[in-house]
Amino acid sequence: MVKLNGDHLKLAIQKDGRLTEDTRNLLRTVGLQFDAYKQRLFSNCRNFPMDILFVRDDDIPEYVAEGVVDLGIVGRNLMVEAEKNVQELMPLNYGQCTLMVAVPADSGISDVKQLAGCKVATSYPNSTQRFFAERDIPVNVIPISGSVEITPALGVAAAIVDLVSTGSSLKLNDLVAIDTVLESQSIIIANPNSLSNTHKSSIIERLLTRFRGVLSAAEYKYVMMNVPSHELDYVSNLMPGLKSPTVLPTADPEWMAVHTAIREDVFWEAIEELKRRGAQGILVSSIEKMFV
Ligand SMILES: Nc1ncnc2c1ncn2[C@@H]1O[C@H](COP(=O)(O)OP(=O)(O)OP(=O)(O)O)[C@@H](O)[C@H]1O
Ligand SMILES: O=P(O)(O)OC[C@H]1O[C@H](OP(=O)(O)OP(=O)(O)O)[C@H](O)[C@@H]1O
Ligand SMILES: [Mg+2]
């Protein structure tokens, strides 16, 4: 029998959807042990003072704002749409998508200003209302719960506001994106009262430290190489991706061993430059966790 523990932090995550697998993987990678069967609505962590609730993602901002749970993991798109009193703590680097305005490809519309007086169908009525109001463009927002991309072909609306990731849903429906409402990814949000509670905030900080360790590690590669001694200064100062390299002598005084973490986004350029400078025996490995 699973019981919610009053001293435990409560975290709501999506039960079954696009964010579910990545969220569970992240929680397991930071060392949390918990069961997650399909039928289960909540689970106790065996090795951390936290209970996990598995819910529809639309309900997460409300549960966090009302204090039903202390924390939630949800797409930023839903947090913004819900307009609740919750605090974003950290982006989690998965579930990337963009809330966009799109129109039929043959509509001749290329600027949102041309939508003045038009109907716009969306599952994100609050975000859509705000987007057009901020630009002083009067539109009639039509709330739709799903399959928004079909609405222009049905004559329901002249434009849509919907999530786009690969863009294939737009293409399939002969739509083109003309503007961006919001860039989104998975985030962790908190109830403000939980953050001001000393006991809860210390557990939240422990959890965030673990998240940072995993997310930072994913941004870096660990590189070991031999560098000609006369190139050492240049290589050490190579670029911002190089972090405090460890330099060790080798049996040959002409060569030094250098160990360092290189940021993923400059990784290939860094390797090419290192090779140009004569680096040899370059070994690269993933970093599992990193605390800076
Ligand atoms: N095409 C996409 N690519 C990447 N991320 C997406 C995409 N579509 C949605 N997301 C992100 O994943 C979140 C969950 O999407 P999903 O489709 O699982 O929601 P849902 O069907 O409303 O789920 P639920 O049954 O929990 O209400 C979205 O709120 C958004 O942040
Ligand atoms: O740009 P793409 O990669 O095509 O992704 C965008 C689609 O993904 C989401 O829908 P989902 O597939 O979750 O189905 P839904 O209609 O149930 O929301 C979103 O609502 C778009 O329809
Ligand atoms: Mg939902």
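Observations, loosely collected:
- Test: residue in the stretch 220-239 that is under 30 Å from Asn47 (Cβ atoms) and not hydroxyl-bearing (Ser, Thr, Tyr): yes
- In this entry, Ser147 is excluded by the filter for residues that are out of contact with any Ser or Thr (no Cβ under 9 Å at 6 or more places or on another chain), surrounded by 17 or more Cβ atoms within 10 Å (Cβ to Cβ) and polar (S, T, N, Q).
- The criterion of at least 3 residues that are more than 21 Å from Pro61 (Cβ to Cβ) and of a type outside the set (S, T, N, Q) is met by the following strands (runs of 3 or more DSSP E) wholly inside the stretch 142-199: 159-164, 175-184.
- There is at least one residue in the stretch 186-197 that is in the same structural domain as Val64 (by the TED database), without any contact (Cβ under 8 Å) to a residue 24 or more places away in the chain and surrounded by fewer than 18 Cβ atoms within 10 Å (Cβ to Cβ).
- Within the stretch 18-49, tally of residues that are within 15 Å of ligand 1 (Cβ to nearest atom), under 16 Å from Asn93 (Cβ atoms) and not in a helix (DSSP H, G or I): 2
- For the stretch 1-17, a residue qualifies if it is within 16 Å of ligand 3 (Cβ to nearest atom) and either assigned to a helix (DSSP H, G or I) or crowded, with 20+ Cβ neighbours inside 10 Å (or both), and the qualifying residues are Ala12, Ile13, Gln14.
- Options Val156, Val161; residue that is surrounded by 17 or more Cβ atoms within 10 Å (Cβ to Cβ) and at pLDDT 95 or above: Val161
- Of all positions in the stretch 71-80, at least one carries a residue that is assigned to a strand (DSSP E or B), hydrophobic (A, V, I, L, M, F, W, C) and within 16 Å of ligand 3 (Cβ to nearest atom).
- Selection status of Ala102, within 27 Å of Val55 (Cβ to Cβ) and touching a residue at least 12 places away in the same chain (Cβ under 8 Å): no
- From Asp265, Asp252, residue being among the acidic types (Asp, Glu), in contact with a Gly (Cβ under 8 Å, 6 or more places away or on another chain) and more than 30 Å from Lys10 (Cβ to Cβ): Asp265
- Breaking point among (1) touching a Pro at 6+ places or on another chain (Cβ under 9 Å); (2) not assigned by the TED database to the domain that holds Asn173, for Gln39: (1)
- Hey, Ile52 in a strand (DSSP E or B) and within 11 Å of ligand 1 (Cβ to nearest atom) or not: no
- Candidates in the stretch 18-68 are the residues that are within 16 Å of ligand 2 (Cβ to nearest atom) and surrounded by fewer than 13 Cβ atoms within 10 Å (Cβ to Cβ); of these, the one that is nearest to the chain's Cα centre (by Cα) is Glu21.
- The stretch 72-104, subset within 15 Å of ligand 2 (Cβ to nearest atom) and farther than 30 Å from Gly213 by Cα, residue surrounded by the fewest Cβ atoms within 10 Å (Cβ to Cβ): Met100
- Filtered residues of the stretch 150-169 (kept if within 16 Å of ligand 1 (Cβ to nearest atom) and in contact (Cβ under 8 Å) with a residue 40 or more places away in the chain): Ile160, Val161, Asp162, Leu163, Val164, Ser165
The values are calculated or read from the model by the stated rules, or taken from the named source; none is laboratory data. Just so we're clear, the structure is a prediction, and the values are computed from it rather than from any experiment. Counting neighbours? That spans all protein chains shown, and the Cβs are built from the backbone with ideal geometry, glycine included.
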